[in-house]
Amino acid sequence: MFGSLLDLMDSQQSSKSKPSKGKGKKPVNEGNEKEKQTRRLWSVKEEEALLACMLDEFKDGVKWKAENGFKSGFFGAVEILLHKMLPGTNIRATPIIESKVKNWKEKYGLLADMQRLSGFSWNHDTNAIIVDSLDV
């Protein structure tokens, strides 16, 4: 269900985040002993596992509900479940899971805003937004 939508979002992100190659510029990681990866690419399996872990942990919603999101410790608990589901993964609560959830919230907000406008609708069969009018 979420796979095609998430694939679309990831393809849009990866096309925007490609570094430009300028002449005479040093690579960012040159001279650093530890090379830092600037962006983590999530597989569909990892995203589905993350979502399943979040839903599983949130079953007892009163425990984790806060005014503006989740109480502290929620992402740590999700990380523990995720490591049980995907042994050997390097996904950590901070900053990886928090960043992914923030990204999902941003994308959801954009899609929700788009659906509120006239001229857009949601197709449940293809999990895609349909533009009803070319004027939009």
Of the residues Ile91, Ile130, Ile97, only one is surrounded by 15 or more Cβ atoms within 10 Å (Cβ to Cβ) and outside any helix (DSSP H, G or I); which? Ile91
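State which residue is surrounded by the fewest Cβ atoms within 10 Å (Cβ to Cβ) when the search covers only region 55-88 and only residues that are among the small types (Gly, Ala, Ser) and within 21 Å of Lys45 (Cβ to Cβ).
Applying the filter and picking the extreme gives Gly88.
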Residue list for region 104-120, filter: surrounded by 11 or more Cβ atoms within 10 Å (Cβ to Cβ), hydrophobic (A, V, I, L, M, F, W, C) and over 25 Å from Glu48 (Cβ atoms): Phe120
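Taken together, the values in this text are just the output of simple stated rules run on the coordinates, not laboratory data. Model, not experiment: these values are computed from the prediction. Glycine gets a Cβ as well: all are built from the backbone with ideal geometry, and neighbour counts include every protein chain shown.
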